[in-house]
Amino acid sequence: QVQLVESGGGLVQPGGSLRLSCAASGIVGSLYTMGWYRQAPGKQRELVAEIAGGGSTNYANSVKGRFTISRNNVQNTVSLQMRTLRPEDTAVYYCRATFRTSNFWGQGTQVTVSS
C-alpha cells in the first residue's frame, strides 16, 4: 500500500519560513518524480516544485528564489523549504509521487500565512 504523509504545515507570519516534509512508503522512491502542489480556496491545484529521481528540479515562477525542494532517496522523503512567505502562499499543500502511469497523492497539509 502506497502512502504519502505530509507534515510541517501551520500558521506563519508574512516573511516567515516553514519546512514541509513528505514521507513515502510502499514505493521505490528514487524511481519517482516527487512534487509539491498547492490549492488555495476557490482555485485550481497548481504545481509548486518538483524534483526528479536524479535531482533535477522545476519551480513555479511565483516561488523561485524563495522555496527549495530536496529529497532523500534512502529515507524516501521529500522536503520543501519555504522562505519569505507571503499571504498568497496560503493553501493546502500536497505531496505527489509520479512514475510512468503511477500517480499518488498525500492528504495535504495546511499552510496559512497571516499576521
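Tabulated data for the structure shown
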{"quantity": "P(r) tail fraction, the range 39-87 - alpha-carbon pairs more than 18 Å apart, %", "calculated": "36 percent"}
{"quantity": "Karplus 3J(HN,Hα) series, Hz, for the range 75-81 with 6.51 cos²θ - 1.76 cosθ + 1.60 (x for Gly, Pro)", "calculated": "8, 6, 10, 9, 10, 10, 8"}
{"quantity": "Compactness relative to 2.2 N^0.38 Å, alpha carbon Rg of the chain", "calculated": "1.00"}
{"quantity": "Charge-dipole axis of the chain as Lys and Arg at +1 and Asp and Glu at -1 on Cβ define it, positive-most pick from 69, 28, 92", "calculated": "69"}
{"quantity": "With every protein chain in place, the chain: carbon and sulfur % of accessible area (1.4 Å)", "calculated": "46 percent"}
{"quantity": "Three-way shape label, the range 9-49, alpha-carbon gyration tensor, a/c 1.5", "calculated": "oblate"}
{"quantity": "Listed residues 102, 79, 21, most fluctuating in the chain (Gaussian network, C-alpha, under 10 Å)", "calculated": "102"}
{"quantity": "Charge dipole magnitude, Cβ of K and R +1, D and E -1 - the chain, Cα centre, debye nearest 20", "calculated": "140 debye"}
{"quantity": "Exposure rule at most 12 other beta-carbon atoms within 10 Å, DSSP loop trypsin sites (Lys or Arg not before Pro): the chain longest free segment", "calculated": "1-42"}
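The values are calculated or read from the model by the stated rules, or taken from the named source; none is laboratory data. Quick caveat: nothing in here was measured; it's all calculated off a predicted structure. Using ideal geometry, Cβ is built from the backbone for each residue, glycine included, and neighbour counts are taken over all protein chains shown. In case anyone asks, the SASA skips ligands and DNA or RNA and just uses the protein heavy atoms, side chains included. Shrake-Rupley method; radii C 1.70, N 1.55, O 1.52, S 1.80 Å.
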